[in-house]
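The values are calculated or read from the model by the stated rules, or taken from the named source; none is laboratory data. The model shown is predicted, which means the values in this text are computed figures rather than measured ones. Positions of Cβ are backbone-derived with ideal geometry, glycine not excepted, and every protein chain shown enters the neighbour counts. Ligands, DNA and RNA are excluded from the accessible area calculation, which covers all protein heavy atoms including side chains. Shrake-Rupley method; radii C 1.70, N 1.55, O 1.52, S 1.80 Å.
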Amino acid sequence: MQEPERAIRSEIERRGPMSFDRFMELALYGPGGFYELPPIGAGDDAAFVTSSHVHPVFAELLADALRQLHSGLGDPDPLRIVEVGAGDGTLASGLLDALDERPVDYAAVERSQGARDALSARGMLVVDRLEKLAPIEGVLLANELLDNLPFRRVRMSDEGPAEIVIDIAQDLLVERERPASGELEGVLPEGIEPGNEFAFPSGALAFIDDLAACLTRGYAVLIDYGAMRGPAGAVHGYRGQRVVEDVLVDPGSADITAGVDLGAVAHRAQERGLEVLGAPSQHAALLALGFETWTRGQLERQGELLDERAGLEAVRMWSGRSRATLLADPAALGRLRWLVLATPELPEPDWLTEALA
């Protein structure tokens, strides 16, 4: 039995059934948890990959978005970028390469000791908590972070809304239901059928509280799976880039995730004094930032390589372009949402206006 499961069982035995967000906290972020040494990246050992691992064009186009945000801030020198949940640093490196024409002050926030070690090796400033960088004037990024922050689970039962908690039965970790109370009572949408479930983003809401407290002037771009209304997907995990259906088995060995209620996140941001500029799909955002122009350029260059009899290079370019299409595919990574927040009185960037049209 791994250390996270021992900690989970010990706490249940002492205190009784635990909320799902507490289970996630121990399984993912506790001693020996999944994110202590996360296998993130493009290799065979990676548990999952993010957009920045699929193709470098993701960072290149995101850098174009940051240039417009930099302009909206009045072109401060340097541009300060804070990436929360920076992982292995692939996105950070891509952005720094793409923005090499201007001075950039880049900092990373990571709870994972393994990730902090990897980021430090790349020579960037790394801290374990956002508040250590406050006050922040610039751009804050979080790419596929919110869906891995602990959340609570609410299910409609025949008797009404019920919170799903974790207990022990016959020496196994199991789900139980108890009446939803407090902030969970009004979580489920009206008319939801018994058996349907909703993830309440308690961790993401706490993150927004921290973000609003630290961001004195600037923008935040939060890229994640989710929806602005209603349930956003079933709870599941990833291990070795394969979906894990039962996340109660061997906790700490797999990621745990669910689509984020971005509507609730946006509402919390407004309550904390931030403006919600929009939440286009990644498909729309990348098209607004020139993805189709980039694709045409790749096709033209591929033809030139074939004319030059550089067949191997042409095949490599074709392979890379094929991977890149996943970034904007509405059935793949293109269904991610880019929730853009700002402190008051900052302009909406042109790319966002186009993406929302």
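Could you pull out the GluC sites (Glu not before Pro) across segment 239-285 that fall in loop regions by DSSP (anything but H, G, I, E, B) with no more than 15 other Cβ atoms inside 10 Å?
Sites meeting the loop and neighbour criteria: Glu245.
Could you tell me the extents of segment 185-227's C-alpha atoms along the three principal axes, largest first, rounded to whole Å?
So the extents along the principal axes, rounded to whole Å, are 43, 21, 15.
Relative contact order for segment 207-309: what percent, with Cα pairs under 8 Å and sequence separation of 6 or more?
Relative contact order, segment 207-309: 25 percent.
How are the Cα pair distances of segment 181-280 distributed, in percent, across 10 Å bins from 0?
Calculated over all Cα pairs of segment 181-280, the distribution is 13, 38, 33, 15, 1 percent.
Hey, in the GNM for the chain with a 10 angstrom Cα cutoff, which one of Gly278, Gly303, Gly226 fluctuates hardest?
Among Gly278, Gly303, Gly226, the largest GNM mean-square fluctuation belongs to Gly303.
Give me the number: length gained by fully extending Ala357 to Ala134, i.e. 0.36 nm times residue separation minus the C-alpha to C-alpha distance, one decimal in nm.
Extending this stretch completely gives an extra 76.9 nm.
Mind listing P(r) for segment 92-214? All alpha-carbon pairs, 10 Å bins, whole percents.
Computed distribution, short to long bins: 11, 29, 25, 19, 14, 3, 0.
Normalised by the number of residues in segment 1-121, what is the relative contact order in percent for Cα pairs under 8 Å and 6+ residues apart?
Relative CO of segment 1-121 lands at 24 percent.
How much length would be gained if the chain were fully extended between Ser157 and Val127, taking 0.36 nm per residue of separation minus their Cα-Cα distance, in nm to one decimal?
6.6 nm
With a 1.4 Å probe and every protein chain left in place, tell me how much accessible area Arg14 has, in Å² to the nearest 10.
Approximately 150 Å² for this residue.
For the pair Glu13 and Thr325, how long in nm is the line joining their label points, each one 7 Å along Cα→Cβ?
Modelled inter-label distance: 5.5 nm.
Can you give me the Cα centroid spacing of segment 119-149 and segment 282-357 in angstrom?
That distance is 25 Å.
How long are the three semi-axes of the equivalent ellipsoid of segment 285-357, in whole Å, if each is the root of 5 times an eigenvalue of the C-alpha gyration tensor, listed from largest down?
Taking √(5λ) for each eigenvalue gives 33, 14, 8 Å, largest first.
Wrap a convex hull around the Cα atoms of segment 95-145, take a quarter of its surface area, and give that in square nanometres.
4.1 nm²
Can you tell me the Rg and the Dmax, both Å, for the Cα atoms in segment 45-107?
12.3, 43
GNM, the chain, Cα, under 10 Å: largest mean-square fluctuation among Gln241, Gln170, Gln302?
Gln170
Provide the gained length on full extension for the span Leu172 to Asp100, in nm with one decimal, where the gain is 0.36 nm per separating residue minus the Cα-Cα distance.
Full extension from Leu172 to Asp100 adds 20.6 nm.
In deg cm²/dmol and to the nearest 500, what is the mean residue ellipticity at 222 nm of the chain if only DSSP H runs of at least 4 residues count, each as -39500 (n - 2.57), divided by the residue total?
The helix contribution divided over the chain gives -11000 deg cm²/dmol.
Given an 8 Å cut-off on Cα distances and at least 6 residues of separation, report the relative contact order of the chain as a percent.
Reported as a whole number, the value is 19 percent.
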